[in-house]
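Below: one structure, written as structure tokens.
Values in this text are rule-based calculations from the coordinates and carry no lab data. What you are looking at is a predicted structure, and each value in this text was computed from that prediction instead of being measured. Glycine gets a Cβ as well: all are built from the backbone with ideal geometry, and neighbour counts include every protein chain shown.
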Amino acid sequence: MKKPTLMHSSIIAAVIIAALLGVGMVTGFVGIPLPNTVDPLSDTNTGNLSEERYILVDPVGDRTVGDIFTVTGTTNLPAGTNLLVQIEPASFGPEGGVNGEYSGAAAGVDVIAGTGGINTWSMEVNSSTLFPVKMRVNASVFIGNGKQGDFSTSGPIGTREFSLHPVSGTAAGSQSEDSETGRYIRIDPVGEKMTGDLLIINGSTNLPAGTVMMIQTDSSGTGYGSDTLVREGSDGINRFSAPIDTAILKPGTVIITVTRMIGDLSKGDYGLGTVNGTATFSLKGPYLGTDTPVQATITKDDYIHINAIGDRKVGDLFLITGATSLPAGVNLIWEVMPYTGTMPTGLDLNATGIMANNLVTTGDGTVNRVSLAADMGNMEPGEYIVMVGPMEGEPENRDITMGEPVGSALFTVR
């Protein structure tokens, strides 16, 4: 629930044009689509053009985010004619995978002399910053002075659509939109992970800053859930982030779901709303968890050891790790809270911090693994203590205690 703010930049059309005329290309910008007007063509820019003039875009074929490729085409416009070539999402609604966020590339290119009256044009595209959605190429005649903001584009216009796929092991996030409010949640693509890795889920939304969202991961019936807060972004596009420990998930395709929470959380009267976003990623490696919790007989020789954490900063997302002699499947209760100078005698249900439960996972030999995904985004600078032990009691009645053995560690947030 405690996230740093990530900012989007906004670039209006005039700035895009001025930049591309100066350096040749702008990629990965966030802004508004450039206009495709049908004003009369300028003789000084294009020559004496007729209605039979055309611009064609060659087939592009499927591409993958990160590909560097060249978009080409033909035209009977005179050599030297300046074209504006734009790469942009084919749709700006939820059905197109985006909801008003504009990610694209644009370049000013010259028509090159060919043979038989058929000339050519081309533009190199670096797709590393583009959304993995159906994209569209627009090629039109550029008119005016972009550096002075006095410009337009005109026909003839050539278009071609192609699919831009996520890289291997990632998936483009889908989103739902509330038909009444237009609210949406989108999850950024996630790369391939190994079991036990820290997964940081990022995304964007037009839900207001401070909105509580539920983050859920599911893989073959194993799952993880936590909540997070929307953080203020720019231009109405806010951001969220959440750390997830993949140790308890089964390898395979993992489904991520981020859902808006509704109701009064302070009174415990809340639930999942209808606005959500989903994404998938591939999880490799051995399964470290167990299908059912284990009730272990604990002896005086059992232990939990937390690895040194070191100094952290407000906003850090990281994995707290440790070792234990307890068997995989034992249910643990964790608490991270401000350190007052004396060792706590047990759980503090009223402390400001993190409280979570998860299972012991498989380690090496007789030494098993304990871990917790921690988020310090809502924490004040100061000294903190992390404690973990077997969970005892009835969680549904808030009647829980931390049994022995207990592992603990101190760290500082700056």
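Structure summary
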| read-out | value |
| --- | --- |
| Residue-span extension gain [Asn202 to Thr292] - 0.36 nm each, minus C-alpha spacing | 29.4 nm |
| Protection proxy ranking, peptides 236-245, 55-64, 337-346, average beta carbon neighbours within 10 Å, highest first | 236-245, 55-64, 337-346 |
| Gain upon complete extension [Asp67, Asn307; 0.36 nm per residue less C-alpha separation] | 82.3 nm |
| P(r) of the range 302-364 over all Cα-Cα pairs, binned every 10 Å from zero, in whole percent | 16, 47, 34, 4 |
| Filtered trypsin sites (Lys or Arg not before Pro), the range 297-395: DSSP coil and at most 10 other beta carbons within 10 Å | Lys300 |
